[in-house]
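Here is the structure we will look at.
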Amino acid sequence: MSLLFDNPMQPVLALPADPACWQRSAFISDPAARWRSYLHQLGLKALMLWFEEEFDHTPSPWPTVEPFDIWHVVDGLTLLFGNLRIVVILSETIDAAELNVPQEWVDLPNLSADYYIAAYVDVDEQRLALWGYTPYSQLQERSTYDALERKYCLDDSDLIQDFSAFLVAPKLEQPAAKSPSQLVHLSTAHAESVIQSLAYAPEPRLVLPFSQWGTLFSNGQWRQQLYQLSQNTPPVSIENWLENIFEQGWQPLESLLPQPSTPRFRSSASGTAVLTCGKKIFLNTASDDLLLMFSVDIEANKRRNIRIQLYPSGETILPSNVMLALELSETGELLKTVKAGEHDDYIQIPPFRCSAGQRLRVHIQLADSICQEDFIS
Amino acid sequence: MKLKAVSAWIWQQTAVQLYDLTMRSRTETLATFSTFIQFTGDRFDTWVSAPRLARSMQHQLLQQGDNERSEKFWVLHWYRLRRQHPDAEQHLWAYLQEPCYWAAHRISRRFPMVQYSLADGFQTAIANVDRILNGYNPDYGSDLKVYARRAFGNCIRDQLRQQQEINISSDWGLLRRVSQTQLRKALLATGFVQTSSFILLWRCFRHVCTPELGQSARGLFAPSSDQLDAIAQRYNRLRHRDLDIPSVDIKTEQLAVELTQLATIVRAYLTPTVTSLNQPQYDDSGEEQLDTLPTDDTPMAQLLTVEAYAEQQRWMQQIDTVLSNKINSLDVPSQTLLRLYYQQKLTQIDIAHHLSIQQYQVSRKLTRVRRQLLLSIINWSKETLHISAEATVLANVSDVIHEWLQRHYAPEPPEVLE
């Protein structure tokens with residue numbers, strides 16, 4: 001008695017496939033994480049539209065615009081509607097008999113929500129059906145806890161399945177009280193070593209005790225680090241590029257751009273470089289992707305002359321204050337840093353020479369959103 | 001294809017009318033709370049009396065003396081005694097035969113192209129009595145008969161949707177989209193006592209085998225050899241952490257065999273064999289305990305019911321005034337929409353045709369109208385009754401509005417008149 005034919009009280013939203021979006025997530029090597037990120041991007045678009053049409057008010061994504069750092073490990077689509085936090089759980093399960101909410105959305109004070117929505121995704125029919133919802137209090141009282149997968153399960157009969165009553169209540173209701181949670185404190189050093197060990201583990205959210213994982217996951221910066229680290233394997237190798245082997249997400253300039261090369265790249269990125277490669281970079285805090293470009297000249301004795309540049313992807317100027325830095329991988333010693341101003345259409349680390357085999361790290365940051373790329377010259 | 005569907009539909013229509021001629025609604029209070037439907041083949045045959053329930057009901061009726069009580073009164077009475085009186089649940093079970101029948105009847109008519117007989121629908125739905133009673137809340141004047149008919153209908157529709165989904169999925173598509181609960185049930189039903197290693201295997205499969213864009217999720221292909229390797233690798237990494245039983249590393253070849261086995265098990269479990277049409281619902285074997293019926297607590301219980309019943313009626317009358325006023329103040333398109341849905345009982349597709357709008361807009365407009373009605377009730381109850389507007393209470397009130405709309409636009413359930 002959950003999801004029905006022809007039930008007008010369960011909204012059905014259009015969920016058009018988006019090949020461009022699927023392509024954009026090609027850099028995610030883990031198939032489940034890629035699929036989850038894809039579905040959540042589609043779902044977010046559909047839900048934003050629905051809220052706007054239904055309640056004449058646009059929700060905002062929360063905690064960031066497209067939280068890939070969350071989607072790569074946990075199910076849950078998050079929206080902020082007025083002052084209400086809403087978590088939508090997407091599921092493709094045919095029997096749709098229960099709502100499974102990962103513990104992160106319930107027991108972490110800064111991530112728990114006021115409402116949880118059960119949504120059924122049908123990619124073949126390109127639709128998303130909202131079939132039930134529950135306020136936080138009901139989830140707390142009625143759900144059972146699945147310790148193996150760390151999720152709260154609520155039976156369909158305990159969900160409200162009539163969306164005509166949805167969001168009628170909050171106008172009159174007190175916000176749900178958050179339960180005190182038992183999280184332990186983690187020192188930065190400890191957290192960073194834990195992140196190292198989690199980055200390559202299958203199902204990282206289940207490795208540590210929840211009291212530790214919860215602390216880690218609540219922290220936006222650590223979440224970003226974990227995400228970046230798990231995406232960046234192994235370090236990018238310029239030697240490989242010379243042999244036309246490109247790591248996940250990296251592409252030679254020709255295939256990165258639809259036209260042979262647009263004027264704005266020709267002016268700055270071409271010149272005498274024998275090899276130009278780029279990768280799309282996602283920062284939660286940026287409204288659009290960024291393009292990280294490497295131009296490499298091979299000189300005598302295999303010495304490299306490298307220029308590193310950062311471009312906007314779709315827009316004409318970079319977000320102001322986005323930072324591009326070069327560090328030594330082993331020590332983290334900062335070699336050079338540049339920051340975008342108000343109207344920069346690109347920024348760059350000035351060309352530098354180094355021998356082959358040098359381990360270097362490019363660090364890109366906007367507010368608390370960070371992306372790092374390790375490479376071997 | 002289209003022609004076939006149409007002729008199937010006509011056949012169904014004719015067939016349904018035949019049943020209508022033979023289905024007799026119960027009119028006696030005694031029978032209403034003590035008899036069960038018997039089918040012959042796919043048609044209603046007769047009402048079968050359960051002697052013990054008949055005696056229990058007789059006993060209750062005698063206690064009432066000359067006071068003739070309505071059907072609704074008895075429903076509330078048994079509902080309130082559900083946890084105390086040994087027969088209360090069975091009386092309600094008997095009572096719910098009719099709404100269940102009409103729910104199945106309506107759906108077999110509304111979705112005639114689906115392979116689903118009236119008796120199948122009835123069997124599927126009647127198994128949910130417990131759930132329906134748990135979900136029912138009489139506090140806001142909801143009528144059990146109306147509530148149950150909708151809830152039974154929902155059970156059948158959900159079953160239909162799932163069945164259709166299962167029929168058009170490949171074994172692998174099915175395996176990926178089955179729930180863990182059902183997978184476990186399927187394994188247990190097949191005779192596996194130890195399910196955890198299978199479930200871990202299944203989780204690894206689901207992790208690795210996601211559809212490619214442009215490929216159908218239902219028609220998911222069998223795992224490639226690379227994918228099998230990845231599943232095996234994942235399984236071998238996770239088994240130490242997730243399995244509480246001794247386990248060994250799995251080899252890719254063995255994994256392929258086990259996954260295929262899993263897919264077959266799930267398919268077999270979810271594809272139903274023809275359900276038997278006899279009556280398993282009522283077990284009258286406790287007959288000899290008849291004389292131990294608790295008798296002394298009933299007068300008090302009945303008195304309490306009288307009070308609760310009066311309360312319910314008052315609330316219903318008030319709601320009736322509030323909603324009638326609100327409906328009259330709605331704009332014409334909203335009123336038309338309500339009539340098409342509640343009076344003429346058109347499907348959303350038909351309404352969309354009728355009003356030249358998209359199907360999803362029908363749902364949105366209906367939801368909006370119902371939200372307006374809900375708000376009118378809330379404002380009224382806030383001012384006069386000081387009822388708190390918690391989300392769960394609102395859902396109950398919204399149910400009541402739905403029932404009210406059904407009654408308002410079709411005062412008697414039309415099926416009974418047919």
Check: What are the chymotrypsin sites (Phe, Trp or Tyr not before Pro) within region A:190-227 that DSSP puts in a loop, where the Cβ has at most 11 other Cβ atoms within 10 Å?
Finding: A:Tyr200
Margin query: What do you get for GluC sites (Glu not before Pro) in region A:302-361 restricted to DSSP loop and a cutoff of at most 14 other Cβ within 10 Å of the site's Cβ?
Written below: A:Glu315, A:Glu330, A:Glu333, A:Glu342
Check: In the structure shown, do any of B:Lys145/B:Lys185; A:Lys151/B:Lys185; A:Lys302/A:Lys336; B:Lys185/B:Lys251; B:Lys145/B:Lys365; B:Lys72/B:Lys382 have a Cα-Cα gap over 29 Å, and if so which?
Finding: B:Lys145/B:Lys185
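How large is the helix-only mean residue ellipticity at 222 nm for chain A, computed as the sum of -39500 (n - 2.57) over DSSP H runs with n ≥ 4, divided by its residue count, in deg cm²/dmol to the nearest 500? The partial results should precede the final answer.
On the way: 11 runs with 94 residues, N = 377.
Rounded to the nearest 500, it is -7000 deg cm²/dmol.
Counting other Cβ atoms within 10 Å, keep those with at most 14, restrict to DSSP loop, and tell me which chymotrypsin sites (Phe, Trp or Tyr not before Pro) in region A:3-105 are left.
Of the chymotrypsin sites (Phe, Trp or Tyr not before Pro), not one in the loops of region A:3-105 has a Cβ with at most 14 other Cβ atoms within 10 Å.
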Margin query: Quick check for you: with a 1.4 Å probe and neighbouring chains kept, what is the accessible area per residue of region A:58-215, in Å²?
Written below: 36 Å²
Next item on the list: Mind putting a number on the dipole of the protein assembly as shown about its Cα centre? Charges go on the C-beta only, +1 for Lys and Arg and -1 for Asp and Glu, and I need it in Debye to the nearest 20.
Entry: 1300 debye
Margin query: Give me, ordered by chain and number, the residues 5 or more places off A:Thr78 or on other chains with an amide H under 5 Å from its own placed amide H.
Written below: A:Trp62, A:Val88
Margin query: Residue by residue through region B:304-311, what is 3J(HN,Hα) from phi via Karplus (6.51 cos²θ - 1.76 cosθ + 1.60, θ = phi - 60°)? Round to whole Hz and write x for glycine and proline.
Written below: 4, 5, 4, 5, 4, 5, 4, 4
Check: Ordering B:Met300, A:Met323 from largest to smallest accessible area (1.4 angstrom probe), what's the sequence?
Finding: B:Met300, A:Met323
Item checked: Heavy-atom SASA rank of A:Ser287, B:Ser25 (probe 1.4 Å, accessible area, largest first) -> A:Ser287, B:Ser25
Checklist line | Whole-Hz couplings from phi, Karplus 6.51/-1.76/1.60, listed for region B:148-154; x for Gly and Pro | finding: 5, 4, 5, 5, 4, x, 4
Notebook entry, point to check: Accessible surface of A:Cys153 in the full protein assembly, 1.4 angstrom probe, to the nearest 10 Å²?
Noted result: 20 Å²
Checklist line | Amide H within-cut-off set for A:Lys336, under 5 Å, with H built and near neighbours excluded | finding: A:Leu326
Item checked: J(HN,Hα) series, region A:360-377, from Karplus relation 6.51 cos²θ - 1.76 cosθ + 1.60, nearest Hz, glycine and proline x -> 10, 10, 9, 10, 10, 9, 9, 6, 9, 9, 10, 9, 10, 10, 8, 8, 10, 6
Note to self: Keeping all protein chains in place and using 1.4 angstrom, which order do A:Lys302, B:Lys345, A:Lys280 fall into by accessible surface area, from largest down?
What the structure shows: A:Lys302, A:Lys280, B:Lys345
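The values are calculated or read from the model by the stated rules, or taken from the named source; none is laboratory data. In this text the structure is predicted, and so the values were computed from the model without any measurement. Here the Cβ is made from the backbone with ideal geometry for all residues, glycine too, and neighbour counts use every protein chain on show. In case anyone asks, the SASA skips ligands and DNA or RNA and just uses the protein heavy atoms, side chains included. Shrake-Rupley method; radii C 1.70, N 1.55, O 1.52, S 1.80 Å.
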